[in-house]
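The block underneath contains the structure these notes are about, expressed in structure tokens.
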Amino acid sequence: MLEAFLWGTVASGTLLLGAVIAYLATPGPRLNAVIMASGAGLLLGSVSYDLIEEALKSSSLLLVATTFFLGSLTFIVGDRILDRMGAAQRKNTKGAQAEGSSKAIVMGSVLDGIPESFVLGLTVLQGGVSLPLLFSVAFSNLPEGMASSSGLRIAGWPVKRVMLMWSLVVLVSATAAAAGYIMLDPDSGIIGPAGQAYAQAFAAGALLTMLVDTMLPESFEVERDLTGGLVVLGFAGSLGLATLSPP
């Protein structure tokens, strides 16, 4: 459990790094877009090979597809609720967060991080943290921290408040990784062996929806026709990292 918590901290800790970069170096939108598109490609690789492929080894295609859709639907509903509460512009780089709710912004960031962290804990349970998933989560969190923090800086948020917000998100994400380890352990009796497959498919649906709804539009707005190539580059990187993961 502790190992899962630590890996969850590492993966989500790049949110804090992104905030530091945003306040010290003021990164431009193009850098954010490049990292975001590449991170989306990494996540696509993890969704395909770490989550869906593994889920299909333990359950039928119909059940995996159904759970995959439910994960997407759950994210959509949660995201819409938080958008109405004031989190719609939580990743905006131009300061639109000033018009929203700080509580909703925090909750929206937590919503983005829980599915990936939960399954990260499962990979630790299965014999060793998945390098493609770890790198994709860490790499995709970096531009989120940069973009959101750049907007919060323009909106007038002091650096201490932003760092406190991301620290809270990191803590929740790390706890979600530990929860994934505990709840999906077949010996715990909380969720049986089949539950692992459903958790993987559910998280995959939520992750895919998140990157299509937030990461890719933000990148395409800046990079346009280069976005596709950057996504493919990230996907290729995910395949390369898969060869380094334990069998």
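The values are calculated or read from the model by the stated rules, or taken from the named source; none is laboratory data. Being a predicted model, the structure only gives us computed values, none of them experimental. In this analysis, Cβ positions are derived from the backbone assuming ideal geometry, glycine residues included, and neighbour counts consider all displayed protein chains. What goes into the accessible areas is simple: the full protein's heavy atoms, side chains included, and nothing from ligands, DNA or RNA. Shrake-Rupley method; radii C 1.70, N 1.55, O 1.52, S 1.80 Å.
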task = Residue by residue through region 1-10, note down the ones that are part of a helix (DSSP H, G or I), among the aliphatic types (A, V, I, L, M) and at pLDDT below 90.
result = Leu2, Ala4
query = What residue, of Ala40, Ala55, is among the hydrophobic types (A, V, I, L, M, F, W, C) and more than 13 Å from the chain's Cα centre (by Cα)?
reply = Ala55
key: Residue among Ala176, Ala147 that alone is assigned to a helix (DSSP H, G or I), of a type in the set (A, V, I, L, M, F, W, C), in contact with a Lys or Arg (Cβ under 6 Å, 6 or more places away or on another chain) and at negative phi   = Ala147
inquiry  = When you check Phe5 against the structure, is it open to solvent by less than 50 Å² (accessible area, probe 1.4 Å) and of a type in the set (Phe, Trp, Tyr), yes or no?
reply    = no
query = Are any of the residues in region 24-32 crowded, with 20+ Cβ neighbours inside 10 Å and part of a helix (DSSP H, G or I)?
reply = yes
ask   = Just one of Gly234, Gly205 is farther than 20 Å from Lys57 by Cα, surrounded by 15 or more Cβ atoms within 10 Å (Cβ to Cβ) and not hydrophobic (A, V, I, L, M, F, W, C); which is it?
value = Gly234
inquiry  = Looking at region 133-174 only, could you name the residues that are more than 24 Å from Val119 (Cα to Cα) and modelled with pLDDT of 85 or more?
reply    = Pro158, Val159, Lys160, Arg161, Val162, Met163, Leu164
task = Scan region 217-233 and report the pairs whose first residue is touching a residue at least 24 places away in the same chain (Cβ under 8 Å) and whose second residue is basic (Lys, Arg) and in a helix (DSSP H, G or I), with Cβ atoms within less than 7 Å and a gap of 6+ or a chain change.
result = Val222/Arg30
ask   = Within region 40-53, is there a residue that is part of a helix (DSSP H, G or I), within 19 Å of Leu133 (Cβ to Cβ) and open to solvent by 70 Å² or more (accessible area, probe 1.4 Å)?
value = yes
